[in-house]
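Below is one structure, written out as structure tokens; comments come after it.
The values are calculated or read from the model by the stated rules, or taken from the named source; none is laboratory data. Everything numeric in this text was worked out from a predicted model, so none of it was measured. Here the Cβ positions follow ideal geometry from the backbone for every residue, glycine too, while neighbour counts run over all protein chains shown. Please note that ligands, DNA and RNA were not included when accessible areas were found on the heavy atoms of the full protein model with its side chains. Shrake-Rupley method; radii C 1.70, N 1.55, O 1.52, S 1.80 Å.
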Amino acid sequence: MSTTRSSRDDRKFRIATGAVAALVLAIVVGIGFELTRQSLLSIEKFGMSFWKGTTWNPVSGEFGALPFIWGTLYSAILALLLSTPISLGIAIYISELSPRVLKQPLTYLTELLAAIPSIVYGLWGIFVLVPLVRKFELWTPDALKKIPLFKGPPLGVGMLSAALILAVMVIPFSSSVAREILKNVPAAQREAAYALGATRWEAIKVAIGYGKTGVIGAVMLGFGRALGETIAVTMVIGNSPKVSASLFALQYTMAAVIANEFTEAADELYLHALIEIGLLLFIITIGVNAISRLLIWSMKKRVTARTIAATPMIAEAKAA
């Protein structure tokens, strides 16, 4: 009797938890559906030309999203290039080199960066980062200013400031995941390297090589975080809808244009165009995060499979 009731309770619990898990999927699908429905007017009128257009003029009803797509990808990629070496350096030091007494404080301080609100980063960017970037722009030699990458007025606000503040915001996410990946690398990998006469650095390279799929996933996770950042970037990027390769130019991102102009969108087409930008940002972010999670999952699966395969050999060696 008690066994039957226990089985019934287990079934109810499984159904309840399954429903909660399905609710998450339903929310994601619902967000995608609603964004698509609310942007139909823009999709029907502009089609694919919306993503290739460079003119954004709500007064004349001309909407092209290319400047925002460019600004979003450009700032996120620059942030990734700046943050990845620092993130991996933090992860390697904490997991491989740090004294035990420093591991917990360093881990806490790194993760604390993720808890700082975006608006605080934005204020720090305006009062500290932008003046520093302006000084750098003023000190840039005239010969470099002839290169498209460094053209533009020395205002301080612009793509370089946005990329730097994004890099700081991405570091705790990438470093935390990369640290966990390195911790999950089997000790046998390092021990085998030491047995072959490897130095400390060579053994660390072996661990990084073993977990490279997961490390790439950690970097991609940071990339997804950078794509969707709004307030801090809006405060320092200059918010000018232009496509430019210059680090000093005022530019715009998809999240920033939605935050800045959504309340001003009185015209229905204008509103649908903004929502269509949100739809694309949603698709890109979901895609990048899905890829990063798949890479991390494949890494963990590979580690588990190799551990299981090695268990009988370890047991035999101990018995011998």
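Computed on the chain, with alpha-carbon pairs under 8 angstrom and 6+ residues apart, the relative contact order is 26 percent. By the rule of a C-alpha distance below 19 Å, with chain neighbours fewer than 8 residues away ignored, the aspartates and glutamates paired with Lys145 are Glu137. A 1.4 Å probe run over segment 137-274, with the rest of the protein chains in place, finds 43 Å² accessible per residue. Between the amide H of Lys242 and those of Tyr252, distances stay under 5 Å, these residues lying 5 or more places away or on another chain, with hydrogens modeled in the peptide plane.
Put a plus charge on the Cβ of each Lys and Arg, a minus charge on the Cβ of each Asp and Glu, and nothing anywhere else: the dipole of the chain about its Cα centre is then about 1320 debye. In the chain, taking the dipole from charged Cβ atoms about the Cα centre, the farthest positive-side position among Tyr270, Ala187, Leu221 is held by Ala187. The spread of Cα positions in segment 163-257, taken along each principal axis and listed from longest to shortest, comes to 58, 22, 17 Å.
Three semi-axes describe the equivalent ellipsoid of segment 8-52; taken as square roots of 5 times the Cα gyration tensor eigenvalues and ordered largest first, they are 40, 8, 5 Å.
Here the accessible area of the chain is 70 percent carbon and sulfur, with a 1.4 angstrom probe and all protein chains present. Computed over the chain, the per-residue total of -39500 (n - 2.57) for DSSP H runs of n ≥ 4 gives a 222 nm mean residue ellipticity of -25000 deg cm²/dmol, rounded to 500.
Going by a ≥ b ≥ c, the root eigenvalues of the Cα gyration tensor, does segment 26-113 fall in the rounded group (a/c under 1.5), the prolate group (a/b larger than b/c) or the oblate group? Prolate, since a/c reaches 1.5 and a/b exceeds b/c.
The phi torsions of segment 95-103, fed into the Karplus equation with coefficients 6.51, -1.76 and 1.60 and a -60° offset, translate into couplings of 7, 10, 10, 5, x, 4, 5, 9, 4 Hz, rounded to whole numbers, with Gly and Pro shown as x. Filter Lys212/Lys242; Lys52/Lys135; Lys146/Lys242 down to the pairs with a C-alpha to C-alpha distance above 26 Å, please. Where the Cα-Cα span goes over 26 Å, the pairs concerned are Lys212/Lys242; Lys52/Lys135.
Specify the inter-centroid distance of segment 119-166 and segment 231-282, based on alpha-carbon positions, in whole Å. Using only Cα atoms to place each centre, the spacing works out to 20 Å.
The H on the amide N of Phe63, modeled in the peptide plane, is under 5 Å from the matching H of Asn57, each at least 5 residues off or on a different chain. Here is the tail figure for segment 94-213: Cα pairs spaced more than 18 Å apart come to 66 percent of all pairs. Build a GNM of the chain with springs between Cα atoms under 10 Å: which of Ala195, Ala115, Ala266 gets the top mean-square fluctuation? Highest fluctuation among the options: Ala195. Taking packing as the residue-averaged number of other Cβ atoms within 10 angstrom, the listed peptides 8-19, 249-260 run from highest to lowest as 249-260, 8-19. Once you divide the Cα radius of gyration of the chain by 2.2 N^0.38 Å, the number left is 1.25.
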